[in-house]
Each structure stands twice: as C-alpha cells, then as structure tokens.
Amino acid sequence: MTIRILGIETSCDETAAAVVEDGHVILSNIVASQAEFHAQYGGVYPEMASRMHLEVIASVVEEALVSAHLGWGDLDAIAVTYGPGLPGSLLVGLNFAKGAALVEDLPLVPVNHLEGHFYAHWLDVVHEDRPSDHLRFPLLALIVSGGHTELVLATDHGQYERLGSTRDDAAGEAFDKVARMLKLGYPGGPAIEEAAQVGDPAVFNLPRAWLPDTYDFSFSGLKTAVLRTLQKYSGSVPPQFYNNMAAAFQESVVDVLVGKTARAAREYAVRAVLLSGGVSANTRLRERARAEIPVPVYMLPKILCTDNAAMIAAAGYFRFQAGDRAGWDLDIDPGLQLK
Ligand code: KG4
Ligand code: ZN
C-alpha cells in the first residue's frame, strides 16, 4: 500500500510543506523563505519569523497539495517538526498540523528536525552522486546549518549516537556572523563562498579549533581572529582583503569539518557519510569531503540541503512505519537533540 505523508516544517525562517510517497518520492516540495526579510537584521528576527509563518502557512500547505494533485483525503498522515528550533516558529507549524490532523482525521507524526536533515538522503532526486542502493548502516551524518553542527553515527533507522556538536556557534552561524563583519550580506554562507572564489586563503593564517580527543567543534575563536585582523585596519580596507579573508575563513571551517568527519568515518568504520544542512551546499566543503573522506560521501541538491518539508515527510514515513503517533498534547521542544 502506498503511504502519502504531508510534511510541515517551520522551525526557523522557512515555511515549508511537502507531500512525499513511501518516504522517497517527492510529489511536491514548497518552501517560502523569509531570508530576504531577515537580511536587514543580518540574522533571523524570531518574533517576526513566527508572525510571517502565520501569514503564509495555510497557503503553503494548500500549494503543496495542489501541486501534488492531491486532496486531504489522499493523505495517510501529517508529519510535523516539533523541535529543535525557534519556539514561536515551531508553534505555528505544530498548531497548524494539529488542527489539520483533527479536522481531516489524520494521524499526526512528530518529527525531529535533525532527523529530517538525515532522511533528506532517502528522497529520490536526480543526482549524480546517488546510486539508489547506497544507504547501508552504519552511516555517519554531518549536519551543518545555521542552527546546528552535529556529527551523528546512525547504526540503524532511529538509532543515533551523537559523536560531537558545536560548543559555541553553529557552522552556518559563523558564516553568517563573519559575512556580516566583512559586509558581504546575509545569508552569509553563499556570500562568503562567492567572495572566496576570487580570494587567496593563504594570505591570512587563521586558527583551526581541532579540540583533540573530541568530535566537538568550536568556531568562536576563528570568528574573533577574523575580527581582530579586521580591526588592525584603520580607515579604508582594500576590497581584496574581504575576498582573501572569506577564502581563509572558509578554508579553516572546511578543514575542521572534513578532518573530524574523516576521522570519525575511519574510527566507526561507516559505510558512507551523509552531508546535510544549509552549509553542506558549500562547494569547497563538498569538494574536499569527497576527496578526503575514505568512504563514499553523499550530498544533496541545494534545495534539499536547506530547510524543507520533504525531508520532514521522509523522516515522518519511517516514524509512521515504526508506529509513532503524537497525541493532542504534543508540545514543541526547542532544544530537542538527536539520540
Ligand atoms: O539548513 P538551513 O537552511 O537552516 C537552518 O536549519 O539553520 O541553513 C542555513 C545556513 C545559513 O547559516 C547559511 O549561511 C548557510 O546555511 N549556508 C551556507 C551556504 N549556503 C547556505 N554556508 C556555507 N556555504 C554555502 N554555500
Ligand atoms: Zn535545518
């Protein structure tokens, strides 16, 4: 029997809804991003994020059904992100999903946003890197986004061990903050990547927080080093400074992300590494991960790296099959972890 799940995701600044069949066939994938609005603040403004979700959630869900050519009666369940994320943002998606599940008499499946990033790799996409039968456990996932930097060992569906995470800024947050210092705009990741293409990383010797004996990460020292170097310039800064600094910063982040992922891949003898989250759209990270990690490294098209609801519906499918159902008392869990 075919299982069709509507996924709803509002954990940060993307209002997203999607319909996915059997955990892998994307029937629709609608993402309304608020990034342009938050750009003026150089980061997500939480109070406005939740209000903007509220304005568009109903039409985004409607569009997901229309573009899948389905009605509510064709669905088997609703999967919704209940954490981690911004409290006000999570509440909008969760309450909308609860209301729809109640009215349409559909089961509600609770999904951890990070598990969504992991299951994005089960979605069918036309992608050169992705032979259809590649997903064999144990797998290692590097989830790097604006809110997260997680290195996770998955030994089976739903069986996770968190090997490391950030002790301060998330990788994407560091990209966003450094881009702001370098006046490159928001979101910082793509802006830094673009500037880095014409920059020379060797001009600056930035630190790498290796934190030996742990798989944890730290990016705040690197951020401070960029700021200190910038402060040495009084008066005008030559334009090439920004490009070189962007390249040096990107190289430092990628060194540590790839270095630690490669080490964990060897230590845990995983079958493959899965890259997810907004930062995994970074071309330099993708190139070096592929070259330096000693097992196959799978990457996603950019639309599935950043927040979307197809990944929530995919994770929801596995949870649905395992019998997970949320009660009407399901609450948001802004600090939820993957375990
Ligand atoms: O997964 P995502 O859309 O949202 C969160 O869950 O946070 O990730 C957004 C983050 C932002 O910090 C953005 O700067 C970063 O991903 N990002 C990138 C790139 N594209 C997006 N970072 C580095 N290089 C990129 N090309
Ligand atoms: Zn995310």
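Things worth noting here:
- Cβ-defined net charge surrounding V258, 14 Å radius [Lys, Arg +1; Asp, Glu -1]: +4
- Estimated from helical segments only, the mean residue ellipticity of the chain at 222 nm is -13000 deg cm²/dmol, where each DSSP H run of four or more residues counts as -39500 (n - 2.57).
- Taking each residue as 0.36 nm, the span from D124 to W210 lengthens on full extension beyond its C-alpha to C-alpha distance by 27.4 nm.
- Between the stretch 38-92 and the stretch 193-230, the Cα center-to-center distance that results, in Å: 34
- Stretchable slack from K232 to E36, in nm (0.36 nm times residue separation minus alpha-carbon distance): 67.4 nm
- Distance (nanometres) between label positions extended 7 Å along Cα→Cβ at A269 and L102: 5.2
- Local net charge near G43, Cβ-Cβ under 10 Å (Lys/Arg +1, Asp/Glu -1): -1
- Tilt relative to the chain, helix 46-67 - C-alpha long axis, 0 to 90 degrees, to 10: 50
- Applying the criteria of a DSSP loop state and at most 16 other Cβ atoms within 10 Å to the trypsin sites (Lys or Arg not before Pro) of the stretch 198-240 yields R208, K232.
- Over all other residues within a Cβ to Cβ distance under 14 Å of D307, the charged ones net out to -3, with Lys and Arg as +1 and Asp and Glu as -1.
- A Cβ-based charge dipole, computed about the Cα centre of the stretch 136-299 with Lys and Arg at +1 and Asp and Glu at -1, lands at about 160 debye.
- The chain: angle of helix 239-267 to the longest principal axis, Cα-based, in degrees nearest 10: 60
- Whole-number Å³ per residue for the convex hull built on Cα positions in the stretch 1-90: 94
- Tilt relative to the chain, helix 188-197 - C-alpha long axis, 0 to 90 degrees, to 10: 50
- Packing around the peptides 87-93, 201-207, 299-305, 144-150, taken as the average count of other Cβ atoms within 10 Å per residue, puts them in this order, highest first: 144-150, 87-93, 299-305, 201-207.
- The count of lysine pairs in the chain that are at least 8 places apart or cross chains, and whose C-alpha atoms lie under 18 Å apart, stands at 4.
- Charged-residue dipole, Cβ positions (Lys, Arg, Asp, Glu), the chain about Cα centre, Debye nearest 20: 1240
Every number here is computed from the coordinates shown, using simple stated rules; none is lab data. Computed from a predicted model, the values in this text were never measured in an experiment. Backbone-built Cβ (ideal geometry, glycine too); neighbour counts: all protein chains shown.
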